[in-house]
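Chemist: One structure, pasted below without further comment.
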Amino acid sequence: MGSMSTYALDPRTTVLIGSITSGLMALVLWLLARATPLPVPGLRTWVAGAWLVFVALVLLGLRDWITPLASVTLGNSALVLAYIVWLAGTHRHFGVRLRWLPWLAAWAAMVAAVTWFVYGDASFRARSVIVAALCSAISAYHALVLLRYPQAERFGRSLGITLTSSWLTILAAVYAIRAVHAALFPQGDSGLLTQDTIQIVYTGSFTVCNLLLVIGFATMASDHVRARIEEQAVRDALTGTLNRQALRECLERARASHKRTGQPFCVAMLDVDHFKKINDNHGHPVGDRVLVHLCRRMAALVRPHDAVARYGGEEFVIVMPQTRLPEAALVAERILLEAVQVDSPTLPAFTVSIGLAESSTDDATADAIITRADAALYQAKARGRNRLERAALRLVNA
Ligand SMILES: Nc1nc2c(ncn2[C@@H]2O[C@H](COP(=O)(O)OP(=O)(O)OP(=O)(O)O)[C@@H](O)[C@H]2O)c(=O)[nH]1
């Protein structure tokens, strides 16, 4: 293979440049974690992984200048641990815990084997196969977690997930090729920093992939923050139902669909009966829990295309697209009976009243149907509460 002067770059320079840039990237990720306006699950764990990669590259780059134990054993240990920590960060991001035991067992076995192949039966070739194969397996599994995990779907296939899984796949391939190459061909005997093409390509590729991975995690974190902020813009903070602004958009969509297809939609306006008494007798926090409970039940009882929104205070609106009054009445009656069932002894019994209205092509604005549903709700209250009233298609004095 070539001499020093044949190459513009040598593996030590590549690894040292990689360690400086990975240190900077770890710093950037750490600053991002501190500056993020909302907490991002898993981000701190990714930061820890990025620092471990930095430490690993520094130790590996200092080969020949520090003891083999510090460089080879600790360097490779930190590198493999970094990939496991990154995997744990991704699990945490999706709200699940990593089962550490098998990964740590594989890591400990790798540390023991690498130490043996430094001090016992010195073999750079055996060390390369073991470390590269394990790194390849962790990276490939990590990519699979990102692509296949059901929780990943909840956030949509975000740019961050696509980028990170792509870099992980490339990294897994780089390590796999490295492991196979080391298994089949003789390797130089001065370790990772041996001056040959395969080492330059390998150290170059894996340092670049590590950097791109940190960018991938940063993108996943910003995707998460953006999704949360978008969600907060349309959701009520207490109950998680849609807010007034989102309700308006739902009504406009339902109206447009009515005009296009001729299929009317229905609106149910719902109000908790004597809610002031619940607050007065049990306190505001219990009142809040009643609202949260009601909304959770309503979300389970409406159909997939129906939308539940908080209209204000203890008043809610359900928009039922492409639905006629008799069908909507079935949904409303189900809510009247089942949404008020409490399963916790700490929640007081309560009832609701519902006013129901069907859209008409004569409605000049989206507010017209709300006004009719509100009038029906007023009737339900006047007629004794805990009941459903249907609105006439046109209000008498409208
Ligand atoms: N706990 C809690 N109470 C709220 C919230 N928003 C509004 N309220 C209370 O809801 C109560 C509504 O009272 P009223 O409008 O008199 O209605 P009501 O007592 O339910 O009586 P009817 O509607 O006539 O059956 C008020 O006491 C508000 O303070 C909230 O987010 N949490």
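Taken together, the values in this text are just the output of simple stated rules run on the coordinates, not laboratory data. Quantities reported herein were computed from a predicted structural model and do not represent experimental measurements. Methodologically, a virtual Cβ is constructed for each residue, glycine included, from the backbone with ideal geometry; neighbour enumeration extends over all protein chains shown.
Chemist: Jot down the radius of gyration and Dmax of the chain, Cα atoms only, both in angstrom.
Modeler: Radius of gyration, then largest Cα-Cα span, for the chain: 30.7, 96 Å.
Chemist: Regarding the stretch 4-234, what is the average projected area of its C-alpha convex hull, in nm²?
Modeler: Working: hull surface 50.5 nm².
Mean orientational projected area (the stretch 4-234, Cα hull): 12.6 nm².
Chemist: Using Cα pairs closer than 8 Å and at least 6 residues apart in sequence, work out the relative contact order for the chain, in percent. Intermediate results must be reported in sequence, preceding the final value.
Modeler: Numbers: 602 pairs, mean separation 54.6, N = 398.
About 14 percent, as a whole number.
Chemist: Can I ask one more? Would you please name the chymotrypsin sites (Phe, Trp or Tyr not before Pro) within the stretch 13-85 that are DSSP coil residues with at most 13 other C-beta atoms within 10 Å of their C-beta? Before the final figure, lay out the partial values.
Modeler: On the way: sites: 30, 46, 51, 54, 65, 83; in loops: 65.
Qualifying residues, ordered by number: 65.
Chemist: Which value, in debye to the nearest 20, gives the size of the charge dipole of the chain about its Cα centre, when Lys and Arg are +1 and Asp and Glu are -1 at the Cβ? Don't skip to the answer; put the middle values down first.
Modeler: Values: 38 positive and 29 negative charges, 78 e Å.
Dipole size: approximately 380 debye.
Chemist: Still on this model: Quick check on the stretch 244-390: what does the Kirkwood estimate of hydrodynamic radius come out to from the alpha carbon pairs, in Å?
Modeler: 15.4 Å
Chemist: Here is a further query. Lysines within cross-link reach of residue 381: Cα-Cα under 23 Å, excluding same-chain residues under 8 positions apart?
Modeler: In chain and number order, the partners are 276, 277.
Chemist: Go ahead and run the numbers for FRET between residue 144 and residue 24, Cβ-Cβ distance against an R0 of 30 Å, rounding to 0.05.
Modeler: Values: r = 29 Å, r/R0 = 0.98.
It comes to 0.55.
Chemist: Kindly provide the chymotrypsin sites (Phe, Trp or Tyr not before Pro) of the stretch 309-398 that DSSP labels as loop, not H, G, I, E or B, and whose Cβ sees at most 10 other Cβ atoms within 10 Å. Could you put the intermediate results ahead of the total?
Modeler: Values: sites: 311, 316, 350, 378; in loops: 350.
Counting only loop positions with at most 10 other Cβ atoms within 10 Å, none of the chymotrypsin sites (Phe, Trp or Tyr not before Pro) in the stretch 309-398 qualifies.
Chemist: Something else now. Through the Karplus equation 6.51 cos²θ - 1.76 cosθ + 1.60, θ set to phi - 60°, convert the phi angles of the stretch 368-373 into ³J(HN,Hα) values in whole Hz; use x for Gly and Pro.
Modeler: So the Karplus estimates, Gly and Pro as x, are 4, 5, 5, 4, 5, 5 Hz.
Chemist: Round to the nearest 0.05 the FRET efficiency obtained for residue 346 and residue 383 when R0 = 30 Å and r is the Cβ-Cβ distance. Walk me through the numbers before you get to the answer.
Modeler: Values: r = 31 Å, r/R0 = 1.04.
Plugging the Cβ-Cβ distance into 1/(1 + (r/R0)^6) gives 0.45.
Chemist: Also: Would you mind checking which residues have amide H under 5 Å from residue 351's amide H? H placed 1.01 Å from N; only 5 or more apart, or other chain.
Modeler: It is 273, by chain and number.
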